[in-house]
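Undergrad: Mind having a look at this structure? Questions to follow.
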Amino acid sequence: MTTAFGHLAVIDMQRVFAEPDSPWATPRFERAAAGVRLLLPAFGERVTFTRFLAPDKPEGTWQAYYDQWPFALQPPDAPLWRLTDEFAVRARHLVDAPTFGKWTPELAQRVAPTGRLVLAGVSTDCCVLSTALAAADAGAEVLVVADACAGVDDDSHAKALHIMDLYRPLIRVVTVAEAVGEAS
């Protein structure tokens, strides 16, 4: 088996986005999960899973955000913040952040050896987009795997992919097959 070049970040494949009765349910979560399943073997140990968590005490405009979504003000160990069972057992490296963007110093360090970040997960129009822009600004080459991501709806997903593709060559939108095919 070939090994894909770069580091895969699997963004926020959590119960809060997977469960249909959640206020933050991502309708195409399972489609994104299917793409992630195909990517994981190609990246081996070069995978980081992320989780969005509520802060202990929201500050600034986050106060208004959590006024709108009070159900989410739960501690980090709350069931809604857990990765789905399938991905929890595969998450050897985990980055938690109370922000949409997951381009943290820890993720940057894991990407540094190759300088390429491959993104998959949810939601395309929020946390994936925020992570891609921050990583590109920091100088990482970013590949967003369209068929391993899902947005809050199909239109928002497509618009976010279009916007990120405007950042070429800093950000490229690719398919699972293309991401796996770019082997080192």
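The values are calculated or read from the model by the stated rules, or taken from the named source; none is laboratory data. This one's a predicted model, so the numbers in the text were calculated from it and none came from an experiment. Glycine also receives a Cβ, built like all others from the backbone with ideal geometry; neighbour counts cover every protein chain displayed. Note: accessible area is taken over every heavy atom of the protein model, side chains too, but ligands, DNA and RNA are not part of it. Shrake-Rupley method; radii C 1.70, N 1.55, O 1.52, S 1.80 Å.
Residues are listed down the side, and each one gets a yes or a no for (1) among the charged types (D, E, K, R); (2) assigned to a loop (DSSP other than H, G, I, E, B); (3) in contact (Cβ under 8 Å) with a residue 12 or more places away in the chain; (4) in contact with a Pro (Cβ under 6 Å, 6 or more places away or on another chain):
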position	(1), (2), (3), (4)
R51	yes, no, yes, no
P55	no, yes, yes, yes
G60	no, yes, no, no
Y66	no, no, yes, yes
D77	yes, yes, no, no
F87	no, no, yes, no
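Undergrad: Can you name every residue in the range 18-35 that is closer than 17 Å to L129 by Cα and either within 11 Å of the chain's Cα centre (by Cα) or surrounded by fewer than 24 Cβ atoms within 10 Å (Cβ to Cβ) (or both)?
TA: W24, R28, F29, A32 - these are the residues of the range 18-35 that are closer than 17 Å to L129 by Cα and either within 11 Å of the chain's Cα centre (by Cα) or surrounded by fewer than 24 Cβ atoms within 10 Å (Cβ to Cβ) (or both).
Undergrad: Taking the conditions exactly as written (open to solvent by 10 Å² or more (accessible area, probe 1.4 Å) and under 14 Å from L107 (Cβ atoms)), does R51 satisfy them or not?
TA: yes
Undergrad: Here is a further query. Among (1) aliphatic (A, V, I, L, M); (2) in contact with a helix residue (DSSP H, G or I) (Cβ under 7 Å, 6 or more places away or on another chain); (3) open to solvent by less than 60 Å² (accessible area, probe 1.4 Å), there is one condition L83 misses while meeting the rest; what is its number?
TA: Going through (1) aliphatic (A, V, I, L, M); (2) in contact with a helix residue (DSSP H, G or I) (Cβ under 7 Å, 6 or more places away or on another chain); (3) open to solvent by less than 60 Å² (accessible area, probe 1.4 Å) one by one, L83 breaks only (2).
Undergrad: Quick one: in the range 4-17, of everything that is at pLDDT 95 or above and open to solvent by 10 Å² or more (accessible area, probe 1.4 Å), which residue is nearest to D155 (Cα to Cα)? Explain how you work it out, then say what you get.
TA: Step one: filter the range 4-17 for residues at pLDDT 95 or above, giving 7-17.
Keeping just the survivors that are open to solvent by 10 Å² or more (accessible area, probe 1.4 Å) gives 15, 17.
Working: R15: 22, F17: 17 Å.
Among those that are at pLDDT 95 or above and open to solvent by 10 Å² or more (accessible area, probe 1.4 Å), it is F17.
Quick grid of which residues meet (1) open to solvent by 30 Å² or more (accessible area, probe 1.4 Å); (2) within 16 Å of the chain's Cα centre (by Cα):
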| residue | (1), (2) |
| --- | --- |
| Y65 | yes, no |
| W69 | yes, no |
| P79 | yes, no |
| R92 | yes, yes |
| P98 | yes, yes |
| K102 | no, yes |
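Undergrad: So which pairs qualify, if the first residue must be in the range 143-158 and under 11 Å from L129 (Cβ atoms), the second must be open to solvent by 20 Å² or more (accessible area, probe 1.4 Å) and small (G, A, S), the Cβ gap must be under 9 Å, and the two must be at least 6 apart or on different chains?
TA: If the second residue must be open to solvent by 20 Å² or more (accessible area, probe 1.4 Å) and small (G, A, S), the pairs left are G151/A158; H157/A146.
Undergrad: Going by the conditions given, is A136 in a helix (DSSP H, G or I) and farther than 21 Å from F17 by Cβ? Can you show your working first?
TA: Details: in a helix (DSSP H, G or I): yes; farther than 21 Å from F17 by Cβ: yes.
Yes.
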